[in-house]
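Structure, as structure tokens:
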Amino acid sequence: MECAPCSPPSTTGKHESGKDSALIYLDNNATTPLHPRVLDSMMPFLRDCWANPSSPYRFGHQARDAMEKARERIAKRVGCKTTELVFCSSGTESDNIAIRGVAHALSSKGGHIITSTIEHPAVLDTCKALERDGFRITRLPVNRDGLVDVAMLEASLCNETILVSVMHANNETGAIQPIEKIAAITKKRGILFHTDAVQSTGKLPLHFDGLGADLITFSGHKLHGPKGIAALFVRTGTPLAPVISGGGQERGLRAGTEHVAGIAGLAEAVDMAFEEQEPENRRIGLLRDRLEKQITASIKDTRINAVHAPRIPNTSNICFHGIDGESVVLGLDVLDICASTGSACSTGDPEPSHVLLAMGLSRREAQGAVRFSLGRDTKEDDVNTVVQALSGIVSRLRSISSL
Ligand code: PLP
């Protein structure tokens, strides 16, 4: 059966139905729309300069030059050397290259890896797979605000520890982990440190070298870049075994013909994010605070998760007691408002969020959670509309809820 083309959820203009649509998209941690400026930067490499960047003739060199220029732009923005960036297809792949790569490079040195209970499945499931292969995994708990205890992390290190992988900003709550402190500890002990910065790159003023981690993951589609492109920062001298073997691209660390158009788009998206970061963060942070204030003022029995933690400015995770977050999301969807109950990867999973459970919420509390992740298209009016919609949806659901 042929698929109907996806009706674009235009954030302005008319909806497929013909009615004036103002889709309110508050799911920017799941993905972001491709920015027109990014699309423009990609088009020459899709349409004209489509050569394989490894090809030996001038046409190939043009593609390679474009790719290396993009690498230089990204390296300059994120604060690292060009030789420290490995392009790959997704944040998930980047996490895999980092964790499996270190595990296989250092397996003779030790088989112990430390991570946290609130990681993205790209990290958690990779660690689970390594556990089946004989590695020992320590999963650090978090406190009520979703933060890892640095002292506990330090106490968990042992002579066999080869890697610590703790994420930077959590995708569900926005809580920012004390990455610099963790890096100082791992550096002192000579242990490698990977951080998944998929949700913080572009949202925080990051400087990879200064952050102190040896491996840092980021992904294009979270910052208005295209899907299918991401990168791993690999600090010079970090031992890493390739996970994908083949043609030796990306200095042998990620074989496969590079996605030149995607890399050009990633450079544009990173540039854009860093150029506009300060005012955008301020604007979005104020809108997020307003959203939380209005929700807690107008809807009783709500709880903002990780509210005492430092958070990325766009993310709010709120529990509506006595009802199911999934039903709230469906109610919002009917009104053309996009939000989610947590990670897009776990949509349809009846289990409550592993992040919220790790923070000590009961299953029932966690079931009532909704994540709102604001973005560059979010306006003040959107906040008012969402709060009004939520008031109606929550009171209707509570009147029929048996939870
Ligand atoms: N890590 C985090 C924290 C994420 O939020 C995501 C995506 O939601 C990923 C990794 C996976 O990134 P990608 O969708 O590019 O595979």
Going by accessible area, probe 1.4 Å, with all protein chains left in place, what is the ranking of L287, L397, largest first?
-> L397, L287
Net lengthening on full extension, S399/L335 (0.36 nm per residue, minus Cα-Cα) = 21.1 nm
Note down the net charge around R303, summing +1 for each Lys or Arg and -1 for each Asp or Glu among other residues with Cβ under 13 Å from its Cβ.
-> -1
Rounded, prolate or oblate: which fits the range 188-270, taking a ≥ b ≥ c as square roots of the Cα gyration tensor eigenvalues, rounded meaning a/c under 1.5, else prolate when a/b beats b/c?
-> oblate
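Using a 10 Å cut-off on Cβ atoms, rank the peptides 119-127, 106-114 from the highest mean neighbour count down. List each step's numbers first, then the result.
Details: 119-127: 21.2, 106-114: 17.8.
The packing order, highest mean first, is 119-127, 106-114.
For K128 and D40, compute 0.36 nm times the residue count separating them, minus their Cα-Cα distance, and round to one decimal in nm.
Numbers: separation 88, 0.36 × 88 = 31.68 nm, distance 4.05 nm.
My answer for the length gained is 27.6 nm.
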At what distance in nm do the modelled label points of L286 and K188 sit from each other, each positioned 7 Å from its Cα along Cα→Cβ?
-> 4.1
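Shape verdict for the chain, please, from the Cα gyration tensor: rounded (a/c under 1.5), prolate (a/b greater than b/c) or oblate.
Verdict is oblate for the chain.
Work through the residues other than D271 whose Cβ is under 11 Å from its Cβ and net out their charges, Lys, Arg +1 and Asp, Glu -1. Provide the component values of the computation, followed by the final result.
Details: positive: R37, R73, K76, R77; negative: E268, E275, E276.
Surrounding charge for D271 is +1.
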Starting from the Cα of T385, step 7 Å along the direction of its Cβ; do the same at Q277; then give the gap between the two resulting points in nm.
-> 3.0
Within the range 299-389, report the trypsin sites (Lys or Arg not before Pro) that DSSP leaves as loop and that have at most 16 other Cβ atoms within 10 Å.
-> K300, K379
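Rounded if a/c is under 1.5, else prolate if a/b is larger than b/c, else oblate: which is the range 297-403, with a ≥ b ≥ c the root eigenvalues of its Cα gyration tensor?
Working: a/c = 1.42, a/b = 1.08, b/c = 1.31.
Taking the square roots of the gyration eigenvalues as a ≥ b ≥ c, the range 297-403 is rounded.
Local charge sum around G360 (other residues, Cβ-Cβ under 14 Å, Lys/Arg +1, Asp/Glu -1)? Provide the component values of the computation, followed by the final result.
Numbers: positive: R144, R303, R363, R364; negative: D145, D149, E365.
Spelling it out: positives minus negatives among the neighbours equals +1.
Given the chain, what percent of its DSSP beta bridges are antiparallel, to the nearest 5? If you can, show how the numbers build up before the last one.
On the way: 22 of 41 bridges.
Beta bridges within the chain, antiparallel portion: roughly 55 percent.
For the range 112-164, would you read off the P(r) tail past 15 Å as a percentage of all alpha carbon pairs? Please report the intermediate quantities before stating the final value.
Details: 624 of 1378 pairs.
It works out to 45 percent of all Cα pairs.
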Could you please state, rounded to a whole Å, how far the C-alpha centre of the range 296-315 is from the C-alpha centre of the range 98-172?
-> 28
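The values are calculated or read from the model by the stated rules, or taken from the named source; none is laboratory data. In this text, all values refer to a predicted model and were calculated from it rather than measured experimentally. Cβ sites come from the backbone with ideal geometry, for glycine too, and all protein chains shown count toward neighbours. In case anyone asks, the SASA skips ligands and DNA or RNA and just uses the protein heavy atoms, side chains included. Shrake-Rupley method; radii C 1.70, N 1.55, O 1.52, S 1.80 Å.
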